[in-house]
Amino acid sequence: MRIRPAVAVVSVAAALSASVIPVAAQAAGRTESASSDTTFSNVVVNGGKDIVLGLTTRKTVTLTWTATDPDGVAASWAYLWHGPNTDDADGILPSYPPAGTCTVSPTEHTTSTCKVSFGVDAARDFDDNGLAGTWNVLAEAQDTNDDWTAVDVAGTAQFKRYAKVTVNASPEPVKKGRTITVTGKLTRANWESGTYTGYQGRSVQLQFRKKDSTTYTTLKTITTGSNGTLQTTTKATTDGYFRYLFTGTATTGPSTAVGDFVDVR
């Protein structure tokens, strides 16, 4: 399934060509073309940063790309899709893609730099946890001769579930040399249930920062238990802050707990 903005001018010949292209030609990564030499490059989503969404996150995502054609680019558009292929996509952003705003290079008249921004609403657009991970960028363009080119995977973007990690070190105060127990919990946004649920079986770093220092040092790495619970022990050596650090996964963003201060006497 392809979506073109209403403002794009598509000739009858091009429309007919699009309707008879075999399904096999629409596999991810394939380029579809109607006698056009347009190429796409410098495709960047959200400034190259992951898009991390909580349960109600709303944000504006910007997509930029460069379209180059020896005959010049008349119009170009792009959008994000998720799924095994464009025909079976289970997610498209935005739902009704606008044409990109393209600026022709003053020195290379065959090259246009394009940009489009659109809103993402987690509560509206993400109701399935399976949507976390890699999304693809589909880019299309028409040249000045009314020929068009479409590339299913011109680039990628990463959508991730927001994570939260907590920490509590006790007892406090504590006598030097005694054992400190550090507990916590790692949870992440569950888009399907609309709640934050425990993230089990994940590696999390226990870190410590001395009272007068600005640098945290990793003491050990532990694995979250049932419901994302965290618990380990360490020796009290000096006043300072304990925290848990989760570096994230392919589907979940990173999270760092606020340091919990322990007074060692």
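The values are calculated or read from the model by the stated rules, or taken from the named source; none is laboratory data. No experiment lies behind these values; they were computed from the predicted model shown. No Cβ is skipped: glycine too gets one built from the backbone with ideal geometry, and neighbour counts run over all protein chains shown. Keep in mind that these areas ignore ligands, DNA and RNA; they rest on the heavy atoms of the full protein, side chains included. Shrake-Rupley method; radii C 1.70, N 1.55, O 1.52, S 1.80 Å.
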Subset of segment 169-192 that is touching a residue at least 24 places away in the same chain (Cβ under 8 Å) and not in a strand (DSSP E or B) - its residue that is least open to solvent (accessible area, probe 1.4 Å) | Trp191
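In this structure, does Thr111 turn out to be under 18 Å from Ala154 (Cβ atoms), at pLDDT 95 or above and not aliphatic (A, V, I, L, M)? Break it down into steps so the answer makes sense when it comes.
Values: under 18 Å from Ala154 (Cβ atoms): yes; at pLDDT 95 or above: yes; not aliphatic (A, V, I, L, M): yes.
Criteria met by Thr111.
How many residues does segment 66-89 hold that are among the hydroxyl-bearing types (Ser, Thr, Tyr), more than 15 Å from the chain's Cα centre (by Cα) and in a strand (DSSP E or B)?
First, pick out the residues of segment 66-89 that are among the hydroxyl-bearing types (Ser, Thr, Tyr): 66, 68, 76, 79, 86.
Applying the additional criterion that residues be more than 15 Å from the chain's Cα centre (by Cα) yields 66, 68, 76, 86.
Keeping just the survivors that are in a strand (DSSP E or B) gives 66, 68, 76.
Residues meeting the conditions: 3.
Output the residue which, of all residues in segment 48-88 that are free of Cβ contacts under 8 Å to residues at least 12 places away in the same chain and surrounded by fewer than 17 Cβ atoms within 10 Å (Cβ to Cβ), is farthest from Ser193 (Cα to Cα).
Step one: filter segment 48-88 for residues free of Cβ contacts under 8 Å to residues at least 12 places away in the same chain, giving 48-49, 83, 88.
Restricting the remaining residues to those that are surrounded by fewer than 17 Cβ atoms within 10 Å (Cβ to Cβ) gives 48-49, 88.
On the way: Gly48: 29, Lys49: 26, Asp88: 24 Å.
So, considering only residues that are free of Cβ contacts under 8 Å to residues at least 12 places away in the same chain and surrounded by fewer than 17 Cβ atoms within 10 Å (Cβ to Cβ), the one farthest from Ser193 (Cα to Cα) is Gly48.
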Being open to solvent by 40 Å² or more (accessible area, probe 1.4 Å) and within 18 Å of the chain's Cα centre (by Cα) is the filter here, so list the residues in segment 120-168 that pass it.
-> Ala123, Arg124, Asp127, Asp128, Gly130, Thr134, Val153, Thr156, Gln158, Tyr162, Lys164
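Assess whether Lys235 counts as being surrounded by 12 or more Cβ atoms within 10 Å (Cβ to Cβ), in contact with a strand residue (DSSP E or B) (Cβ under 6 Å, 6 or more places away or on another chain) and modelled with pLDDT of 95 or more.
No.
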Selection from segment 198-217 of residues that are closer than 16 Å to Phe261 by Cα, open to solvent by 60 Å² or more (accessible area, probe 1.4 Å) and touching a Phe, Trp or Tyr at 6+ places or on another chain (Cβ under 9 Å) = Lys210, Lys211, Thr217
Note: among Val43, Val10, just one is β-branched (Val, Ile, Thr) and modelled with pLDDT of 65 or more, namely Val43
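Can you tell me which residue among Ser255, Ser203, Ser226 is at pLDDT below 95 and within 29 Å of the chain's Cα centre (by Cα)? Steps first, answer last, please.
Working: Ser255 fails: at pLDDT below 95; Ser203 fails: at pLDDT below 95.
Of Ser255, Ser203, Ser226, the one residue that is at pLDDT below 95 and within 29 Å of the chain's Cα centre (by Cα) is Ser226.
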Under the condition of being under 10 Å from Gly72 (Cβ atoms) and part of a strand (DSSP E or B), which residue from segment 98-116 is most open to solvent (accessible area, probe 1.4 Å)?
-> Val104
Checking Phe208 against (1) touching a Pro at 6+ places or on another chain (Cβ under 8 Å); (2) over 30 Å from Arg124 (Cα atoms), the condition it does not meet = (1)
Index of the failed condition, Leu63 passing every other in (1) of a type outside the set (Asp, Glu); (2) touching a helix residue (DSSP H, G or I) at 6+ places or on another chain (Cβ under 9 Å); (3) in a loop (DSSP other than H, G, I, E, B) | (3)
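Among the residues of segment 130-168, what is the count of those that are in a strand (DSSP E or B) and under 23 Å from Thr101 (Cβ atoms)?
Of all residues in segment 130-168, those in a strand (DSSP E or B) come to 133-143, 148-161, 163-168.
Keeping just the survivors that are under 23 Å from Thr101 (Cβ atoms) gives 135-143, 148-157.
So the answer is 19.
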